[in-house]
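Data block below; observations after.
The values are calculated or read from the model by the stated rules, or taken from the named source; none is laboratory data. If you're wondering where the values come from, they're calculated on a predicted model, not measured in any experiment. Methodologically, a virtual Cβ is constructed for each residue, glycine included, from the backbone with ideal geometry; neighbour enumeration extends over all protein chains shown. What goes into the accessible areas is simple: the full protein's heavy atoms, side chains included, and nothing from ligands, DNA or RNA. Shrake-Rupley method; radii C 1.70, N 1.55, O 1.52, S 1.80 Å.
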Amino acid sequence: MLVFLDESGDPGMKLQRGSSDLFIVTLVAFQDHSEAQATDERIRVLRRELGLADSFEFKFNKMNRVFRTAFLRAVHTFDFSYFGIVINKARLHGSGFFFKDSFYKHTCSLVFENAKHHLRDAIVVIDGSGSRDFRKQLTSYLRRRVNDPRLPVRQIRKIKVQDSHRNNLLQLADVICDLLQLADVICGALARSHGTKSDAGEYRRLVSRREASVQVWPK
């Protein structure tokens with residue numbers, strides 16, 4: 001099983017000084033590796049169809065409406081599910097939320113908790129950077145919070161942090177690079193659906209059949 005994680009917004013709490021109002025984490029899960037590879041290949045073909053370079057990255061906030069729509073229409077027929085957690089930071093109380101690393105880890109654990117019973121021996125790939133120490137902390141935190149010894153199969157087998165633009169020769173790494181972009185675009189669509197722009201609900205509707213759970217927190 002392959003799981004891809006991405007976020008929209010930031011975990012900062014300085015809402016009057018540039019921090020985003022919302023922090024959203026999205027988990028995209030493929031039960032079958034061959035389905036993930038087929039999705040990866042469709043994304044590669046889409047680049048050629050749109051006249052884009054092989055190195056072009058599909059990033060929601062860097063694309064126009066035509067590219068966003070084409071991307072989501074190309075992938076929505078494949079067999080994957082996504083889970084989302086939408087944090088309304090203005091409604092948060094408590095000093096713990098003002099520590100970015102702790103806030104980020106806690107938000108990731110919420111989306112994994114919602115997806116826990118769908119996860120089976122998953123390889124989890126997180127797009128992003130950060131210090132080696134933080135990556136180690138996040139990996140340990142998620143394993144500790146998500147893996148449930150009462151269940152017959154562990155939920156997480158391995159956690160990897162990878163930049164989506166990296167070029168690798170290994171087949172799995174290639175799949176990871178493109179599918180991290182899938183997580184980015186879906187996370188962007190989810191974030192846009194909570195805004196006020198004219199296309200707010202347009203992109204999320206395109207992949208609505210793949211939506212397993214989206215939680216807005218706090219209520």
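Could you please tell me which pairs satisfy a Cβ distance under 7 Å, a separation of 6+ or placement on different chains, a first residue in segment 9-27 that is farther than 17 Å from Ser109 by Cα, and a second residue that is open to solvent by 50 Å² or more (accessible area, probe 1.4 Å) and of a type in the set (D, E, K, R)?
So the pair list comes out as Gly12/Lys100; Leu15/Asp21.
Could you list, in sequence order, all residues of segment 206-219 that are surrounded by fewer than 13 Cβ atoms within 10 Å (Cβ to Cβ) and either aliphatic (A, V, I, L, M) or more than 24 Å from Ala90 (Cβ to Cβ) (or both)?
Ser208, Arg209, listed by residue number.
So which residues in segment 1-47 are open to solvent by 60 Å² or more (accessible area, probe 1.4 Å) and either assigned to a loop (DSSP other than H, G, I, E, B) or basic (Lys, Arg) (or both), if there are any at all?
Within segment 1-47, Lys14, Arg17, Gly18, Asp21, Gln31, Asp32, Arg42, Arg44 qualify.
Hey, could you check segment 48-59 for residues that are of a type outside the set (D, E, K, R) and either under 28 Å from Ala122 (Cα atoms) or touching a Phe, Trp or Tyr at 6+ places or on another chain (Cβ under 8 Å) (or both) and say which is least open to solvent (accessible area, probe 1.4 Å)? Spell out how you get there, then give the answer.
At the first step, the residues of segment 48-59 found to be of a type outside the set (D, E, K, R) are 50-53, 55-56, 58.
Filter again for either under 28 Å from Ala122 (Cα atoms) or touching a Phe, Trp or Tyr at 6+ places or on another chain (Cβ under 8 Å) (or both), leaving 50, 55-56, 58.
Values: Leu50: 51, Ser55: 95, Phe56: 58, Phe58: 0 Å².
If we take residues in segment 48-59 being of a type outside the set (D, E, K, R) and either under 28 Å from Ala122 (Cα atoms) or touching a Phe, Trp or Tyr at 6+ places or on another chain (Cβ under 8 Å) (or both), then Phe58 is least open to solvent (accessible area, probe 1.4 Å).
Yes or no: segment 171-194 includes at least one residue that is assigned to a loop (DSSP other than H, G, I, E, B), modelled with pLDDT under 95 and among the polar types (S, T, N, Q).
no
Yes/no matrix, rows are residues, columns are (1) at pLDDT 90 or above; (2) closer than 18 Å to Val28 by Cβ:
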residue	(1), (2)
Val66	yes, no
Leu72	yes, yes
Phe78	yes, yes
Asp121	yes, yes
Val124	yes, yes
Lys136	no, no
Val161	no, yes
Leu169	no, no
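Sort out which residues of segment 60-106 are more than 20 Å from the chain's Cα centre (by Cα), surrounded by 12 or more Cβ atoms within 10 Å (Cβ to Cβ) and farther than 25 Å from Ile159 by Cβ, and write them in order of number.
Hits for segment 60-106 are Leu92, Phe98.
Looking only at segment 185-205, count every residue that is touching a residue at least 60 places away in the same chain (Cβ under 8 Å), closer than 17 Å to Phe83 by Cβ and open to solvent by 20 Å² or more (accessible area, probe 1.4 Å) and tell me the total.
Counting residues in segment 185-205 that are touching a residue at least 60 places away in the same chain (Cβ under 8 Å), closer than 17 Å to Phe83 by Cβ and open to solvent by 20 Å² or more (accessible area, probe 1.4 Å) gives 2.
Restricting attention to segment 65-103, which residues are under 25 Å from Ile43 (Cα atoms), part of a strand (DSSP E or B) and out of contact with any Leu (no Cβ under 6 Å at 6 or more places or on another chain)?
Result: Ser81, Tyr82.
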